[in-house]
1. Compare the peptides 422-428, 518-524 by average per-residue count of other Cβ atoms within 10 angstrom and give them in order, highest first.
2. For segment 14-167, what is the charge dipole size about the Cα centre, in debye to the nearest 20, if Lys and Arg each add +1 at the Cβ and Asp and Glu each add -1 at the Cβ?
3. Work out the length of the dipole vector of segment 38-119 about its Cα centre, built from +1 on the beta-carbon of each Lys and Arg and -1 on the beta-carbon of each Asp and Glu, and round it to the nearest 20 debye.
4. In the P(r) worked out for segment 366-513, what percent of Cα pairs fall beyond 23 Å?
5. Residue 242: which lysines have alpha carbons under 26 Å from its alpha carbon, excluding same-chain residues fewer than 8 sequence positions away?
6. Which lysines does residue 56 reach when only Cα atoms under 25 Å apart count, and residues fewer than 8 places away in its own chain are ignored?
7. Starting from the Cα gyration tensor of the chain, take the square roots of the eigenvalues, sort them a ≥ b ≥ c, and report rounded, prolate or oblate (rounded when a/c is under 1.5, otherwise prolate if a/b is larger than b/c, else oblate).
8. Around residue 399, what is the net charge, scoring Lys/Arg as +1 and Asp/Glu as -1 over all other residues with Cβ under 11 Å from its Cβ?
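Values quoted throughout were computed directly from the atomic coordinates according to the rules given, and no laboratory measurement underlies them. Given the structure is predicted, the values throughout are model-derived calculations rather than measurements. Every residue, glycine as well, gets a Cβ built from its backbone with ideal geometry; the counts of neighbours run over all protein chains shown.
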Amino acid sequence: MMRTKRLESEQPNIYALLQEDPLRELFEACKSGDLNKVRRQINAETVNARDTTGRKSTPLHFAAGFGRRDIVELLLAAGASIQAHDDGGLHPLHNACSFGHEDVVGLLLEAGADPNTRDNWNYTPLHEAAAKGKIEICIALLQHGADPTIRNSENKSPIDLANVSGVPGINEVLVGEWRKDEILECSRSGDDAKLSSLLTPLNVNCHASDGRKSTPLHLAAGFNRIRCVQLLLRHGSDVHAKDKGGLVPLHNACSYGHIEVTEMLIKHGASVNAMDLWQFTPLHEAASKSRVEVCSLLLSKGADPTLLNCHSKSAIDLASTRELQEKLSYEFKGYCLLEACRLADVSKVKKLLSSDIAKFKHHITGDTAFHIVAASLGSKRKQVIELLSRKGAQINESNKELLTPLHIAADYGHFDVMETFIRLGARVNATDGLGQTALHRCARNDCLQGCKILLSYNIDTSITSIQGFKAIDMATENIKKILQEPPVVLDLESELLEGSKAGELEKVQRLLTAYPHIVNCRDLDGRHSTPLHFAAGYNRVAVCQYLLSHGADVHAKDK
């Protein structure tokens, strides 16, 4: 079946039609560009009216096909449907593209017109523009997500139709070669305004025909053109693209020490351990050029300084000074320790741990090993904490957000970690950057057990945050009850301690069934003994067994 013409070229007898169809005057005004007449006749009922004598086009079809920008604006503002289709399945965007009305195409696309909409013969607006050799229209469509691979009912893609059109340059647009030399030069020189006007999803990853066969992103990264890098990444530039020597854009940025570009590329998925044809990684490049800050950033993102290039040299080997070599080794071990803590891998922690490494902080976040293990889901995190403590790790260090490890444990609801930290000397009243204690955070998060643990260690409930809030002000109704009556908790703990000492198993069972969180409470007026201390000291075997089966800490130490 052959497709009919988009808009009829013959003009019917207008006066006769006006007598038969009262809407004809509106349709004719949309064609001729009579804005005042359209404004007078347009309303909620007529804005999407159909031309029943023709292809059932709407006013927007006519205005778009005849390139009447001001009328298109008026119709869109009045609620015209950009997805309305005529008898042939054409949308207003098809009409505007077919006749090359660039400004109208832009209006429709910005209003949400689908650049991949299809008519009854599977023609997209890009098919229309390509077949007519409308280069600027093709570019606008591609910049708004038009798919150049869609085939019509005759199995033809837009590029197939472009070949038939014979218009110079149209093929280059559709295969990603259009004005690529200008795109590459803009990326090199930093002309982001011009670059923005030239980019399409097809040419954003073009390669230079000579030299190192660089892409625009290689050049922008190497020359530190930050705005161009941002623009290219937004348009889908490939961070994994390789030049003639196998370099990815990250190699270029790291080689020249461009820290901000390096961060952007990594954020968009660039591999920090990518290798060129000679097995050089970005870290090899940065270390050999003494790009110290870039080296630290790469290591914090997982770069491995022990990887060997084709000459069997690691990044550490290529570091230009002894000081940098030691820095790379130290930071790498530090990040390996943090990862082992995240996994709560006791054996790895033991292998890596030294009094020096135990104090390592993350280059970007400022997290210590204690911060990391506080958030760990590993079952052996308490063992890791004990190992770190014995090696001198600082339990009250704050990260760059001024959070202590206790804050982190409270946020994650890791109650075993909270108790272990406090037992090892964590300050329960330490505040974060907002002046909030761990109790503020537990209260805000409706963490009842966390609040009870902190209250059992005499946290100060009166501490006020920078914003003027006490923990009770941030608490849910559930939490407010225990914050208003903390002495009740302490009375229960006193009962448990006395019951454990006296061997009153039923009392111990009753208390821990109702309040399991107090199993490791302390005799704060005495030696800070736990119920297990008392039960063991007074040979209350049944009570000891019950306490141990309900989470009593056999490692707990008194004063």
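1. Numbers: 422-428: 18.1, 518-524: 21.6.
Listed from highest to lowest mean packing, they are 518-524, 422-428.
2. Details: 15 positive and 21 negative charges, 20 e Å.
Approximately 100 debye in magnitude.
3. On the way: 8 positive and 11 negative charges, 51 e Å.
Using only the charged Cβ atoms, the result is roughly 240 debye.
4. 39 percent
5. 180, 194, 213, 267, 289, 301, 313
6. Straight-line reach from residue 56, under 25 Å: 5, 31, 37, 132.
7. On the way: a/c = 3.79, a/b = 1.83, b/c = 2.07.
It comes out oblate by the Cα gyration axes.
8. On the way: positive: 361, 400; negative: 367, 397, 401, 432.
Around residue 399, the charge tally is -2.
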